[in-house]
Amino acid sequence: MKDIIVIGGGPAGLTAAIYGARSGKSVLLFEGKAYGGQISKSHKVENYPGFEEISGFELSVKLKNQAELFGAESISAKVISVTENEGFFTVTADKEYTAKAVIFALGTEPKKSGIEGEDSLIGKGLSYCATCDGNFFRGKDVAVIGGGNTALQDALYLSDICKKVYIVHRRDSFRAEKNLVQRAEKKENIELVMNSVLLSAEASPVIKSIAVENKISGEKSELAVNGLFMAIGQTPLTAEFSSVLPLDSYGYVEVGEDCTVKDGIYVCGDCRKKDIRQLTTATADGTVAATKAVEFLDS
Ligand code: NAP
């Protein structure tokens with residue numbers, strides 16, 4: 001039996017593993033996809049204190065190595081269920097594991113836009129990860145949908161390798177940080193298509209154009225692009241754990257700043273209901289969740 005099982009190997013989960021293991025507890029962490037979570041796909045991280053600039057992948061590797069340095073173990077497997085028994089938890093992944101406390105750091109996944117045939121467009125020009133797939137569109141015209149940090153960062157990244165980048169955003173102002181917006185506005189090959197929504201993508205067999213509609217004028221237009229990058233937000237990956245976690249109507253875990261659902265169950269990172277989802281707030285959550293778990297184990 002482990003002291004702590006951490007589910008999720010993004011910045012929140014890895015930080016929880018660092019804190020738990022550093023406190024002398026036995027820690028086992030599960031990651032079903034890529035260590036580092038969403039940050040592993042970030043081309044450039046510039047807002048993590050201590051690093052003026054670091055690739056998301058490199059930062060992910062550093063976090064994982066640091067957790068292992070303190071003795072945390074990790075397994076690449078998807079956890080499919082967690083059940084509570086008398087005084088311990090059973091975590092089922094590739095097989096059953098037990099722990100005295102569980103920290104959920106489940107993260108989120110990119111939202112889909114809902115345009116017709118969206119799934120069938122994946123691999124034909126539609127992507128949810130600019131840094132993973134941007135290179136396929138080197139020298140070509142692309143569009144990024146969304147107005148948050150991800151959309152603006154994606155557009156800036158793509159503008160260095162693509163001929164032209166449209167940012168299609170449904171409002172007249174961006175949710176993204178000012179600094180990113182100002183940089184995008186200065187780029188000659190980025191065009192802002194504001195107050196506009198994506199209607200459809202034309203693929204024969206790969207994407208050739210997208211149709212957008214200006215919500216103010218009602219005017220419909222076509223943008224000739226080969227790449228379509230969706231950056232319209234995230235969905236929390238909590239559905240499998242609704243029997244042990246209190247979820248709101250969007251699927252985020254309703255738990256306060258103490259990251260504590262009850263003795264033995266802790267939640268941290270982007271899957272938690274909160275105002276600001278950033279790398280720094282995820283690692284802060286990981287710290288709180290692990291510290292609370294250690295307090296419980298020691299009590
Ligand atoms: P986000 O901040 O939730 O932004 C989503 C954007 O997509 C918003 O502009 C939203 O428009 C738009 N949108 C949502 N649904 C839409 C739809 N159906 N059709 C068209 N547009 C739609 O998501 P995010 O940019 O992925 O960022 C998620 C979190 O990660 C944020 O807290 C962000 O700050 C953080 N992040 C941090 C870093 C970093 O630290 N380096 C990098 C990337 C992301 P409205 O504005 O109109 O709602």
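The values are calculated or read from the model by the stated rules, or taken from the named source; none is laboratory data. The structure displayed is predicted, hence computed values, not measured ones. Note: ideal-geometry Cβ built from the backbone for every residue, glycine included; neighbour counts use all protein chains shown. SASA here: full protein model, heavy atoms, side chains in, ligands and nucleic acids out. Shrake-Rupley method; radii C 1.70, N 1.55, O 1.52, S 1.80 Å.
Quick notes
- Screening T92, T108, T131 for residues that are open to solvent by less than 80 Å² (accessible area, probe 1.4 Å), touching a Ser or Thr at 6+ places or on another chain (Cβ under 9 Å) and either modelled with pLDDT under 90 or not polar (S, T, N, Q) (or both) leaves exactly one candidate, T131.
- Any hit, segment 265-285, residues being more than 22 Å from the chain's Cα centre (by Cα) and open to solvent by 50 Å² or more (accessible area, probe 1.4 Å): no
- Filter result for the condition that a residue is in a strand (DSSP E or B), among the aliphatic types (A, V, I, L, M) and not assigned by TED's automatic domain parsing to the domain that holds Y157, over V61, V91, V79: V91
- The requirement of being modelled with pLDDT of 95 or more, part of a strand (DSSP E or B), in contact with a Pro (Cβ under 9 Å, 6 or more places away or on another chain) and farther than 17 Å from A290 by Cβ is fulfilled somewhere in segment 244-266, by at least one residue.
- Test: residue in segment 179-193 that is more than 20 Å from K41 (Cβ to Cβ), surrounded by fewer than 16 Cβ atoms within 10 Å (Cβ to Cβ), among the β-branched types (V, I, T) and not assigned by TED's automatic domain parsing to the domain that holds R277: no
- Criterion (assigned by TED's automatic domain parsing to the domain that holds I216, near the ligand (Cβ under 10 Å from one of its atoms) and hydrophobic (A, V, I, L, M, F, W, C)) met by exactly one of A151, A143: A151
- Among the candidates D154, D133, D160, residue that is closer than 15 Å to H43 by Cβ and free of Cβ contacts under 8 Å to residues at least 12 places away in the same chain: D160
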